[in-house]
Structure formats: structure tokens, C-alpha cells
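Enquirer: Before I ask anything, here is the structure I am working with.
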Amino acid sequence: MPVYRANAIVLRRTNLGETDRILTLYTREHGRLSAIAKGSRRPASRLAGATELFNFGRYLLATGKSLDVVTQSETRESFPNIRADLNRIAYAIYIVELVNETIEDREPNPDLFDTILSCMYLLEGGVDPEVVTRAFELQLMAASGYRPRLESCARCGTPTSTQKVNFSPSIGGVVCGQCGPLPEDTMTIHHETLDTMKALLNAEAAQIRDSRPSERTLDEMANVMRWYIRYRLERELKSSEFIQALKAGR
Ligand SMILES: [Zn+2]
């Protein structure tokens, strides 16, 4: 069986039989792929750590007939600080679930891989998970062809005013008041929220780390991105519902 190496993050795992797992890996070199980790549920398995959700490592894979096989792995970062905090775990799981729902198999995108990894390191480093997640959502949408239009009206191109702004998930961005009846999913947000979204859409790790949006901006962004992504995926992710429940219980 031909073997190959890949830098990968675990997006998903499911049990198979008594002792095996099937991993969905997002690899920097080959995009998303599924591979079987044989015996990885045995207590002493050398592959156990490599099968944890959002583990980042170097994987040695063998090409199989239907599924590839994980033959060796070396963990580069297991993100212990994320794993020690239920709130951070929830956001990290949401990020990998969102990636898994948005991308296709075997379509490498090293920039997107680096963005995921960089957001994981920000979560690990104690950066506000809401800010990291909003930046990630915006950048993932852009990378998958759904960059929201924020600079001008998505219908007529009129530059956004300095007043309150309308945002419509179904139109794909901001929409001005002159463009006929607004769709039912239109939300009104403050201009400060729009400016923060524009900044996060193109932000590098250091800018995300240093970004300090107000509570109002965080709430508005959370609402906008929740409905924007829901419209694109045509459903709500389980991990997103879990985050809502955590927030409601706080
Ligand atoms: Zn317009």
C-alpha cells in the first residue's frame, strides 16, 4: 500500500466495530479525507491521542481500497488549555464541525488550513472565543465562496452609510433602504458592528487577538453570523445550539 504524510486536524471521529475509529481529517496537503485508525480505542493504543477531536499532528497514512489507514501519528499540538475549559471546547468543536460542513473532500486549501490552526492556537492562548469564532466564520465563508458583502449594498452597490445598517443573509450582505422591500430576514446592526466584521474578515492572528469589540457588537455579530451560516447550510449545527445553551445558562 502506498503511504503518504499529511499535517492534519481531526474534524470528526466515529467508532467502528469494537476497537477502531474512522477519522475525518482536514489535511494541509490533500484537503479533507477519511481514514481508519485501527485499534485506536484500545487503552494502550499508540494512536489514541491522534484520534481526539481537533488534535493537530503529522499523520502517516496508507492508501486503502475504500478508506485510507492511519499507520502512525505524531501529535504536534493537543490544545490542553482548550480541553480544560468547557466553553472553549464548545467553540473548538463548533469550528471543526463548521469546517466539515462547508468543505468538500480532497480539495486542498493550505490557507484555510492555516486559518483553522491559527484560530485553534488563539483559543488555546486564552483569546476571547467569541471574537476568534466570528473571525473564523467570516474567513471560512469567504474561503468557501460566500464572502458576505459588507462594503456596499449587495443589491445596488450604494456604499454603506454611517447610520444603522441592514444586513440580510438571503441577499448575502448589507442592503440599503432604497432597494425596495427588505426581505424578512433583514437585521439592523450598528455601523460599529459592520466595521468590526470588515476588520475580522481580513484579520491576521495578532489583529484578532487585539480586537476588543463591545458587548453590543459581539451580540450583533453573533446574531448576524448565526443566521448567515444557517441560511448557507440550510440548518443549524448541533455545536452551535450547544453554545447557545451554554450562553443562556451563564
Ligand atoms: Zn441598495
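Enquirer: What's the number of the condition Arg149 fails, among (1) within 16 Å of the ligand (Cβ to nearest atom); (2) at pLDDT below 95; (3) surrounded by fewer than 21 Cβ atoms within 10 Å (Cβ to Cβ)?
Expert: The number of the failed condition is (2).
Enquirer: Something else now. State yes or no: is Tyr59 modelled with pLDDT of 95 or more, within 16 Å of Val3 (Cβ to Cβ) and among the hydroxyl-bearing types (Ser, Thr, Tyr)?
Expert: Answer is yes for this residue.
Enquirer: Write out, first by first residue and then by second, each pair whose Cβ atoms fall under 8 Å of each other, whose residues are 6+ apart or on separate chains, and whose first residue, in region 64-85, is within 13 Å of Thr51 (Cα to Cα) and among the acidic types (Asp, Glu) while the second is outside any strand (DSSP E or B) and modelled with pLDDT of 95 or more.
Expert: Glu77/Asn55; Glu77/Met120; Glu77/Tyr121; Glu77/Glu124
Enquirer: Further, regarding this structure: Check Arg250 against each of (1) surrounded by fewer than 20 Cβ atoms within 10 Å (Cβ to Cβ); (2) part of a loop (DSSP other than H, G, I, E, B); (3) in contact (Cβ under 8 Å) with a residue 40 or more places away in the chain and name the one condition it does not meet.
Expert: Of (1) surrounded by fewer than 20 Cβ atoms within 10 Å (Cβ to Cβ); (2) part of a loop (DSSP other than H, G, I, E, B); (3) in contact (Cβ under 8 Å) with a residue 40 or more places away in the chain, only one is false for Arg250: (3).
Enquirer: Also, I was wondering about something else. Going through Glu241, Glu204, Glu236, Glu215 one at a time, which residue ends up being under 24 Å from Val96 (Cα atoms) and modelled with pLDDT of 95 or more?
Expert: Going through Glu241, Glu204, Glu236, Glu215 in turn, just one is under 24 Å from Val96 (Cα atoms) and modelled with pLDDT of 95 or more: Glu204.
Enquirer: If I filter region 152-185 down to residues being under 20 Å from Arg216 (Cα atoms) and surrounded by fewer than 16 Cβ atoms within 10 Å (Cβ to Cβ), which single residue comes out as nearest to the ligand (Cβ to nearest atom)?
Expert: Step one: filter region 152-185 for residues under 20 Å from Arg216 (Cα atoms), giving 160-169, 173-174, 185.
Filter once more, so that each one left must be surrounded by fewer than 16 Cβ atoms within 10 Å (Cβ to Cβ): 161-164, 185.
Details: Ser161: 11, Thr162: 16, Gln163: 14, Lys164: 15, Asp185: 16 Å.
Looking at the filtered set, the residue picked out is Ser161.
Enquirer: Give the number of residues within region 1-44 that are part of a loop (DSSP other than H, G, I, E, B) and in contact (Cβ under 8 Å) with a residue 12 or more places away in the chain.
Expert: Qualifying residue count for the region: 12.
Enquirer: Now for a different question. For region 192-212, indicate whether the set of residues that are on the phi > 0 side of the Ramachandran plot and either within 16 Å of the ligand (Cβ to nearest atom) or surrounded by fewer than 15 Cβ atoms within 10 Å (Cβ to Cβ) (or both) is non-empty.
Expert: No: zero hits.
Enquirer: A further question follows. With Arg58, Arg46, Arg32 as the choices, which residue is basic (Lys, Arg), in contact with a strand residue (DSSP E or B) (Cβ under 9 Å, 6 or more places away or on another chain) and crowded, with 17+ Cβ neighbours inside 10 Å?
Expert: Selected residue: Arg32, the only one of Arg58, Arg46, Arg32 that is basic (Lys, Arg), in contact with a strand residue (DSSP E or B) (Cβ under 9 Å, 6 or more places away or on another chain) and crowded, with 17+ Cβ neighbours inside 10 Å.
Enquirer: Output yes when any residue across region 227-234 is in the same structural domain as Thr102 (by TED's automatic domain parsing), in contact with a helix residue (DSSP H, G or I) (Cβ under 6 Å, 6 or more places away or on another chain) and either more than 16 Å from the ligand (Cβ to nearest atom) or assigned to a strand (DSSP E or B) (or both), and no when none is.
Expert: Step one: list which residues in region 227-234 are in the same structural domain as Thr102 (by TED's automatic domain parsing), which gives 227-234.
When the remaining residues are screened for being in contact with a helix residue (DSSP H, G or I) (Cβ under 6 Å, 6 or more places away or on another chain), the result is 233.
Checking which are either more than 16 Å from the ligand (Cβ to nearest atom) or assigned to a strand (DSSP E or B) (or both) leaves us with 233.
For region 227-234, residues in the same structural domain as Thr102 (by TED's automatic domain parsing), in contact with a helix residue (DSSP H, G or I) (Cβ under 6 Å, 6 or more places away or on another chain) and either more than 16 Å from the ligand (Cβ to nearest atom) or assigned to a strand (DSSP E or B) (or both): present.
The values are calculated or read from the model by the stated rules, or taken from the named source; none is laboratory data. None of these values were measured; they are calculated from a predicted model. A quick note on method: Cβ atoms are made from the backbone with ideal geometry, for glycine too, and the neighbour counts reach across all protein chains shown.
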